[in-house]
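Input: a single structure, listed below in structure tokens.
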Amino acid sequence: MAHENFTIGQLAKTTAVNVETIRYYQRRGLLAKPVKPHKGIRRYTERDARRVRFIKQGQKLGFSLDELKELMSLEDERQCRQARNIALKKLSSIRERIEGLKNMEKALSGLVECCSHNADEASCPIIMALLNASHS
């Protein structure tokens, strides 16, 4: 398999994604659809493979496809400030979610602790807390 001559199946395999994922990225404008030669097969390049890997790595870091599309439009180094601003915004969002998860963990942990010390089998602190919360 030549590095500059992937079929869509080979591109999918080399980047560890599904063929439909590649087509989806094309529909979303994240990956160009190569010109199809007359009676031929579309061919993808190593650059296409790098873009797919970029997308997958970005998703692992929590970036949405729209954010990744914006980042890919900033490929040259002069755009580093803009890329940094996008990353800072994402980092802030992730930190907010972490803080929310910590608050949920603390609340649920307290309820589990109350439940483990509850002698009244008819009244569960977890169920009561959920019922009372739905009325507020």
- Residue check for T45: more than 20 Å from E75 (Cβ to Cβ) and of a type in the set (S, T, Y): no
- When residues of the range 92-136 are filtered for being modelled with pLDDT of 90 or more and among the acidic types (D, E), how many remain? 3
- Are any residues in the range 104-136 under 35 Å from the mean Cα position of the chain (by Cα), loosely packed, with under 12 Cβ neighbours inside 10 Å and of a type outside the set (A, V, I, L, M), and if so, which ones? E105, K106, S109, E113, N132, S134, H135, S136
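Results for (1) farther than 27 Å from L91 by Cα; (2) open to solvent by 90 Å² or more (accessible area, probe 1.4 Å); (3) in contact (Cβ under 8 Å) with a residue 40 or more places away in the chain; (4) in a helix (DSSP H, G or I), shown as yes or no for each residue.
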position	(1), (2), (3), (4)
L11	yes, no, yes, yes
R23	yes, yes, no, yes
I41	yes, yes, no, no
R53	no, yes, no, yes
K56	no, no, yes, yes
D66	no, yes, no, yes
- Task: Evaluate the following for R97: is it in contact (Cβ under 8 Å) with a residue 24 or more places away in the chain and loosely packed, with under 15 Cβ neighbours inside 10 Å?
- Result: no
- Just one of A107, A16, A83, A32 is small (G, A, S), closer than 30 Å to A129 by Cα and out of contact with any His (no Cβ under 9 Å at 6 or more places or on another chain); which is it? A107
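Going residue by residue through the range 78-89, is there one that turns out to be more than 22 Å from L61 (Cα to Cα) and surrounded by 11 or more Cβ atoms within 10 Å (Cβ to Cβ)?
no
The values are calculated or read from the model by the stated rules, or taken from the named source; none is laboratory data. It should be emphasised that the depicted structure is a prediction, and the values quoted were computed from it without experimental measurement. Every residue, glycine as well, gets a Cβ built from its backbone with ideal geometry; the counts of neighbours run over all protein chains shown. Keep in mind that these areas ignore ligands, DNA and RNA; they rest on the heavy atoms of the full protein, side chains included. Shrake-Rupley method; radii C 1.70, N 1.55, O 1.52, S 1.80 Å.
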